[in-house]
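The structure under discussion appears below in the form of structure tokens.
The values are calculated or read from the model by the stated rules, or taken from the named source; none is laboratory data. Here the structure is a predicted model, which means the values were calculated and not measured. When we count neighbours, we look across all protein chains shown, and the Cβ atoms used for this are built from the backbone with ideal geometry, even at glycine. Only protein heavy atoms, including side chains, enter the accessible area calculation; ligands, DNA and RNA are left aside. Shrake-Rupley method; radii C 1.70, N 1.55, O 1.52, S 1.80 Å.
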Amino acid sequence: LHMSCMREPFLAALEAWSNNEWQAGAVINGVTQLDTSSRPVNCPAQPQELVGQVHDADRNLTELAIAAAHAGFANWHKTPIEHRAVALEKLADLLEQHSDELIALCVREAGKTLQDSIDEVREAVDFCRYYAQQGRALFAKPQLMPGPTGESNTLSLEGRGVFACISPWNFPLAIFLGQISAALVAGNTVVAKPAEQTSLIAHRTVALMLEAGFPNEVIQLVPGPGAEVGQTLSEDERIAGVCFTGSTATAKRINLALANRAGAIVPLIAETGGQNAMIVDSTALPEQVAKDAVQSAFASAGQRCSALRVLYVQDDIAERVIELLQGAMAELRVGLPASYASDLGPVIDSAAQQKLLAHIEHISEHGKLLYQTPLPSKQSGYFVPPSLIEIDGIKQLTEEQFGPILHLVRYKASQLEQVIADINSTGFGLTLGIHSRNEGLAQRIAKQVRVGNVYINRNQIGAMVGVQPFGGQGLSGTGPKAGGPHYLQRFVTERTVTNNLTAIGGNANLL
Ligand code: UN1
């Protein structure tokens, strides 16, 4: 899937960290809390291997964290933007300096492949630098508005208060830090709740943030279960906004809790699930389709919200595309994420593995299993075989399957409008792939399918920060798009100041 030459220099570094045991706990005002009971963290690829220990936060520690961030806001939102942007850039430098350890953590705690882990650190660095740059452009000085003589009108953007940043395990560094860096540079303080599966990476990242010069009170970390920590965060009156990436169901629960808050109407920035399709018409190049579909569906073991789930192929070229997909899937190497020979590794945990295997079994009974990539023999990890299954249509799928499963649907040219309507009927709207050499048709489909990110004649994953602003609509999220020029604006409140200059004897002509 990837250029293997990029991975070689990291192998030795990975080896050096392979026996390390990390530790995580809540971080409140810069101090790690290790008094709560601990749970072991095991490697998804080799569950018998211990990666570290996590001391989860409870309701009490979560409230202490909120109080600390709340107190910290008074100073932080007055801190000049240059200072906040420089802290982010310093953090980006530190991430690069510590990339070996962070890559090892992504491999061992999240089971991400070496290449995915390298990309993960790169993306986190990109988020820090991009939001620092965007922050400078937006917050440097108030915007002077046009208006009548004798009056000055200015518009300024300010932090809202304490943001709760609730992040997923599939991008345990990039999305974790993407959310936090946006909230902080916009002048908010943060209480961050990482996914339970990736608390060690989160804890190490917060330590680097403090080293980069962020004051202790601006970033508080509360690893722990959603039912306790997440719920406390969404119900607390001191939380001024929530930034969430994860399932649509959880986003709805958070939204409901926020709606019940008495003291304010609080924004939710949510990036959630998808049921992403690719539409391939008969003018497409089958070789390119197979390459891009395999990458979009199976890279990162399909554990991306952008990943391809349903491949619609026009019947004229379906047989050829299926043959090429089977060939490409036969070449896929599933294996230990630390090995540079592996194209994909395990899924995140046993629960995910069981759910995906059950789906493969169930949907194969109603459809046709076209191909399954063999798993390595003698392994104990949470592996799921990459699977290609023919079905009748996207409506047969009741929920997102977050793993290496690609569904294929044949359609006739006369059914294209129905295909588009069916995709829209899912209510999700994240990514869409289109393969066609008919540019007019591709552009028409791109406009008719309601999604956030459309990719024409290429793969549909791996949006680049500042290049392909990323995020969906409908059940897939609220926007604004991460890594795009409008993202920071949802993290702030606006203040307009109108000043009658004549009242204090000012010289109106000066304007
Ligand atoms: C997610 O998987 O939660 O474009 C979102 C991509 C990534 C997706 C991130 N930015 O593949």
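Note on LEU11 and GLU151: their simple-model spin labels are 7.0 nm apart, each label 7 Å out from Cα toward Cβ. Shape summary of the range 415-511, radius of gyration then Dmax from alpha carbon positions: 21.9, 73 Å.
Given axes a ≥ b ≥ c from the Cα gyration tensor, I'd like to know whether the range 41-108 is rounded (a/c under 1.5), prolate (a/b larger than b/c) or oblate. Verdict is oblate for the range 41-108. Rounded to the nearest whole Hz, the Karplus-based 3J(HN,Hα) values (6.51 cos²θ - 1.76 cosθ + 1.60, θ = phi - 60°) of the range 282-298 follow the sequence 6, 8, 5, 8, x, 4, 5, 4, 4, 4, 6, 5, 5, 5, 5, 8, 10, with x at glycine and proline.
Taken over the range 269-395, the alpha-carbon convex hull comes to 134 cubic angstrom per residue. Cα centroid distance between the range 119-181 and the range 420-451, in Å? Using only Cα atoms to place each centre, the spacing works out to 31 Å. When +1 charges are put on Lys and Arg Cβ atoms and -1 charges on Asp and Glu Cβ atoms, the dipole computed for the chain relative to its Cα centre reaches about 1040 debye. The phi torsions of the range 43-54, fed into the Karplus equation with coefficients 6.51, -1.76 and 1.60 and a -60° offset, translate into couplings of 7, x, 7, 9, x, 6, 8, 8, 9, x, 10, 10 Hz, rounded to whole numbers, with Gly and Pro shown as x.
Every Cα-Cα pair in the chain was counted, and those over 32 Å apart are 44% of them. Per residue, the convex hull spanned by the alpha carbons of the range 175-273 comes to 96 Å³. Using the Karplus relation 6.51 cos²θ - 1.76 cosθ + 1.60 with θ = phi - 60°, the per-residue 3J(HN,Hα) values for the range 102-116 come to 5, 5, 4, 5, 4, 5, 7, 7, 9, x, 7, 5, 4, 5, 4 Hz, with x marking Gly and Pro. The packing ranking of peptides 310-323, 140-153, 287-300, highest mean first, is 287-300, 310-323, 140-153, where packing means the average number of other beta carbon atoms within 10 angstrom of each residue.
Think of a 1.4 Å ball rolled over the protein heavy atoms: the chain then has 40 Å² of accessible area per residue.
Distances over 22 Å make up what percent of all Cα-Cα pairs in the range 1-120? Of all Cα-Cα pairs in the range 1-120, 54 percent lie more than 22 Å apart. Across the accessible surface of the range 290-371, with the other protein chains kept in place and a 1.4 Å probe, carbon and sulfur atoms take up 52 percent. Computed log10 I(q)/I(0) for the range 250-308 at 0.15, 0.22, 0.27, 0.28 Å⁻¹: -0.62, -0.88, -1.08, -1.11, from the Debye equation with unit scatterers placed on every C-alpha and solvent omitted. Database remark: amide H of ALA482 closer than 5 angstrom to the amide H of PHE470 (H placed geometrically; neighbours at sequence offset of 5 or more, or on other chains; Pro and chain starts carry no H).
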